[in-house]
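Beneath this line is the structure, given in structure tokens, with notes to follow.
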Amino acid sequence: MSPIDFDTSQVLVGGVWRRAAGGRTLPLVNPSDGSALAQIARASAADVDAAVAAAQAALDGPWGALGATERGRLLLQMSTLVLAQADELARLEALDVGKPLKQGRADAVALARYLEFYGGAADKVMGQTIPFANGYTAFSLREPHGVTAHIVPWNYPMQIIGRSVGAALAMGNACVLKPAEEACLTALAFARIAQQAGLPAGALGVVPGLGEEAGAALAAHPGVRHISFTGSVAVGALIQAAAAKNAVPVTLELGGKSPQIVFADADLDAALPFLVNAGIQNAGQTCSAASRVLVERPVFDAVVARMAERYRALRIGPALSDPDVGPLISARQLELVQGYMALVRESGLHIAGEAALPAGLPALGCYVAPMLVADVNPAHRLAQEEIFGPVQAVIPFEGEAQALTIANGTPYGLVAGVWTRDGGRALRMARKLQCGQVFVNNYGAGGGIELPFGGVKHSGHGREKGFEALYGFSVLKTVAIKHD
Ligand code: NAD
């Protein structure tokens, strides 16, 4: 019997679930054991055309006619339903992404919270009256872009849908969502919840399929007026090029090589759980993973020893057994991460701590043993490239200036953490770190859906999350009226 109780092989266009044009499908694989999980639709350019047209029709019809308060209420209703189904959503994510149950449940709760936040904010985004020449009244209006495209990756589908689709709907856009081909069950479940909540037909379309097919068709579609993309740097560049042809704005949320910086005066007991968790959460497949840990010389050995101890205690296993670390998403990702682990051994780097794979893991599951590597040269590939697996590089430094040089010395700039008891130093570091978010004496602030998020450099541009996202998902129109 299938572990999924709805038809996963369809696209959602104009409020109707149907087969993709030509009836093509793609297989989903359960990364915990390599078994066939489900078939999803393989949408083509024709399906994307239909979804964009249906979204435009929704804007010209019932969805566009709703007031901001009514839109907000719909989002709040969606939030309530998501929360009520959080356990089931976590189970789907465990099957599909290999995400441990507790982490999947946290993602579902975050999705509900995004919908709650943006539902509450929908009727609180205001324009301004503008002091202008005598005889005029001038003001600004915030309006939706129109049809917005949302191309999301497989690692945090629920959170990314919450922050982009949630904010876009709040502002009155109609969304076409392209989930990742590796994992799209919670995207489908979310769309069903939106329908249950009463979202008008066409306000949300879903076109699962291949990136180079459905994704590329959506990014290039002339009917799309804004693109929100979360994924790799290489595909981000393609998306921006496609958007340029139609002169539409894009938000690019790309990769990272984020540092946590531990000064010798830090509260190490407080820091320790964050240092390791931010590296191994979701098996390291997190854009904001703290894949580099910079430690000031006097406490370097102590921090490495304590991190290594935690590594040795990590429980690895199938996602439904709710381990600390589940499998990687796919055999392809496994091969990539194993390549970096081989590089560690070939380079003769110091493996300070390694978790052990337990006996009896399913042979076709995509498991790796998390690896802590110490004394890594900041210029080494391990300290420069996004690995997207549970491998952390620990790098020693001496003093603030060197910490900054190392921290800023990669092509990325997404997130940074600073651990210190010195308030002045915390502020100096926060100002000089080149990234989109800085956390002092914490890392991630528990998800912080209220906190604007995004990158600089190769980590992308534009901001999602928080109130700021509502500006990104709307257009400012200025009106100047001449009168006596
Ligand atoms: P990816 O770029 O391969 O795929 C992301 C999405 O883009 C998928 O839906 C895919 O189907 C689609 N896509 C692929 N090729 C396309 C094309 N030519 N045109 C249009 N769409 C296309 O990324 P991935 O490997 O699935 O995800 C991992 C990457 O995402 C990592 O680099 C990670 O850091 C990044 N990421 C960033 C954030 C963030 O918020 N900054 C969050 C999660 C993941």
Subject >> Ratio Rg/Rh [Cα only; Rh per Kirkwood] for the stretch 259-449 >> reply: 0.96
Subject >> Distance cut-off 35 Å, percentage of C-alpha pairs in the chain lying past it >> reply: 33 percent
Original post:
Hey, what angle do you get for helix 268-280 against the long axis of the chain, alpha-carbon based, 0 to 90 degrees rounded to 10?
Top reply: 60 degrees
Original post:
What angle, in degrees between 0 and 90 and rounded to the nearest 10, separates the Cα long axis of helix 233-246 from the longest principal axis of the Cα atoms of the chain?
Top reply: 20 degrees
**OP:** Taking amide H positions as placed in the peptide plane 1.01 Å from N, state which residues far from VAL295 in sequence (5 or more) or on other chains have amide H under 5 Å from it.
**Re:** VAL262, ILE395, PHE397
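In nm², what is the average projected area of the convex hull enclosing the Cα atoms of the stretch 1-92?
Value for the stretch 1-92: 7.7 nm².
Distance check, please: which entries in LYS102/LYS257; LYS245/LYS477; LYS178/LYS245; LYS99/LYS124; LYS245/LYS432 exceed 30 angstrom between their Cα atoms?
Correct reply: LYS99/LYS124; LYS245/LYS432.
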Subject >> Accessible carbon and sulfur surface of the stretch 259-449 relative to its total accessible area, %, 1.4 Å >> reply: 52 percent
Original post:
How high is the FRET efficiency between GLU398 and ARG421 when r is their beta carbon distance and R₀ equals 22 Å, given to the nearest 0.05?
Top reply: 0.75
Subject >> Theoretical FRET efficiency, 1/(1+(r/R0)^6), r = Cβ-Cβ of ARG345 and ALA379, R0 25 Å, to 0.05 >> reply: 0.85
Original post:
From the phi of every residue in the stretch 56-63, what ³J(HN,Hα) in whole Hz does the Karplus formula 6.51 cos²θ - 1.76 cosθ + 1.60 yield, where θ is phi - 60° and glycine or proline is x?
Top reply: 5, 5, 5, 5, 7, x, x, 5
Original post:
At a probe radius of 1.4 Å, what is the per-residue accessible area of PHE439, in Å² to the nearest 10?
Top reply: 20 Å²
Original post:
Where only protein heavy atoms count, and the probe is 1.4 Å, what is the accessible area per residue for the chain in Å²?
Top reply: 38 Å²
Original post:
Which value in nm describes the separation of the simple spin-label points at VAL479 and ARG428, placed 7 Å from the Cα toward the beta carbon?
Top reply: 5.2 nm
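Using only Cα atoms, what is the ratio of the radius of gyration of the stretch 10-159 to 2.2 N^0.38 Å? All intermediate terms of the calculation are to be shown ahead of the outcome.
Details: Rg = 20.0 Å, N = 150, 2.2 N^0.38 = 14.8 Å.
Cα Rg divided by the expected 2.2 N^0.38 Å: 1.36.
The values are calculated or read from the model by the stated rules, or taken from the named source; none is laboratory data. Since the model is a prediction, treat every value here as computed from it, not as a measurement. For neighbour counting, all protein chains shown are included, and Cβ atoms are generated from backbone atoms with ideal geometry for every residue, glycine included. Side chains included, ligands, DNA and RNA excluded: accessible areas come from the protein's heavy atoms. Shrake-Rupley method; radii C 1.70, N 1.55, O 1.52, S 1.80 Å.
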